[in-house]
1. Being within 18 Å of the chain's Cα centre (by Cα), surrounded by fewer than 17 Cβ atoms within 10 Å (Cβ to Cβ) and at negative phi narrows it down to one residue among 195, 186; which is it?
2. In the stretch 107-163, which residue that is closer than 14 Å to residue 67 by Cβ and out of contact with any strand residue (DSSP E or B) (no Cβ under 9 Å at 6 or more places or on another chain) is modelled with the highest pLDDT?
3. So which of 134, 179 is under 30 Å from residue 83 (Cβ atoms), touching a residue at least 60 places away in the same chain (Cβ under 8 Å) and exposed (fewer than 13 other Cβ atoms within 10 Å of the Cβ)?
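The values are calculated or read from the model by the stated rules, or taken from the named source; none is laboratory data. This one's a predicted model, so the numbers in the text were calculated from it and none came from an experiment. All Cβ positions, glycine included, derive from the backbone under ideal geometry; neighbour counts span all protein chains shown.
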């Protein structure tokens with residue numbers, strides 16, 4: 001019996017040692033967490049997004065993807081690191097509480113039914129988050145995380161009428177400088193998908209020579225038109241047709257339907273003669 005218990009205890013000790021030697025087995029949802037999904041800035045066309053580590057910058061409660069403009073949806077996240085500093089400048093002890101974010105695991109579901117629409121996939125990242133300072137976490141923006149890929153958009157169909165409502169779950173992962181594997185909470189973010197709902201046509205865009213919405217320009221209104229601004233990521237907020245204008249017949253550049261001409265009535269030369 002003594003030999004049996006010795007074997008069992010030895011196995012337990014070996015397992016624990018294995019867990020210590022393999023930090024990748026660690027699982028911790030509180031070391032790093034998702035603070036928010038950052039809202040895109042309104043900028044002049046062609047200007048890239050620029051996010052900071054400020055936790056008070058504007059955030060989104062939900063996303064909006066217009067498939068008439070883009071065939072995928074990417075988001076910028078603000079992540080937080082709650083690890084406290086461990087380095088000691090007065091001793092040969094290096095700082096190990098920085099976290100290197102390597103990517104995120106994304107899962108797409110239908111918001112109504114909860115049905116899985118896309119098997120989990122990985123969106124790569126490369127960002128380092130500083131340790132906490134006192135009770136304040138270290139923050140860092142993680143841009144360009146793909147939440148809805150082109151394959152998912154294709155599977156949704158044309159969406160000519162109405163919208164599709166998605167619920168996307170995102171879990172970030174990485175390692176501390178000390179080699180400990182860490183994961184964030186599984187962050188839930190709703191995204192609506194539409195077809196043409198973000199495209200706008202201003203008075204300066206619409207030619208009066210057409211009876212339909214168009215983006216051919218109105219010379220009489222252009223002089224008073226303000227400078228066009230667009231969301232830096234091409235998502236979430238309205239976009240003027242002039243900023244996404246494509247070939248004739250594309251969603252931002254509808255083909256003009258000319259205003260019908262009214263024929264001027266002519267007098268019959270023989271009418272009214274006595």
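1. On the way: 195 fails: surrounded by fewer than 17 Cβ atoms within 10 Å (Cβ to Cβ).
None of the others qualify; the one that does is 186.
2. Out of the qualifying residues, it is 150.
3. Numbers: 134 fails: touching a residue at least 60 places away in the same chain (Cβ under 8 Å).
None of the others qualify; the one that does is 179.
Quick grid of which residues meet (1) surrounded by 10 or more Cβ atoms within 10 Å (Cβ to Cβ); (2) over 30 Å from residue 74 (Cα atoms); (3) touching a strand residue (DSSP E or B) at 6+ places or on another chain (Cβ under 6 Å); (4) modelled with pLDDT under 75:
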residue	(1), (2), (3), (4)
209	yes, yes, no, no
229	yes, no, yes, no
239	yes, no, yes, no
245	yes, no, yes, no
271	no, yes, no, yes
274	no, yes, no, yes
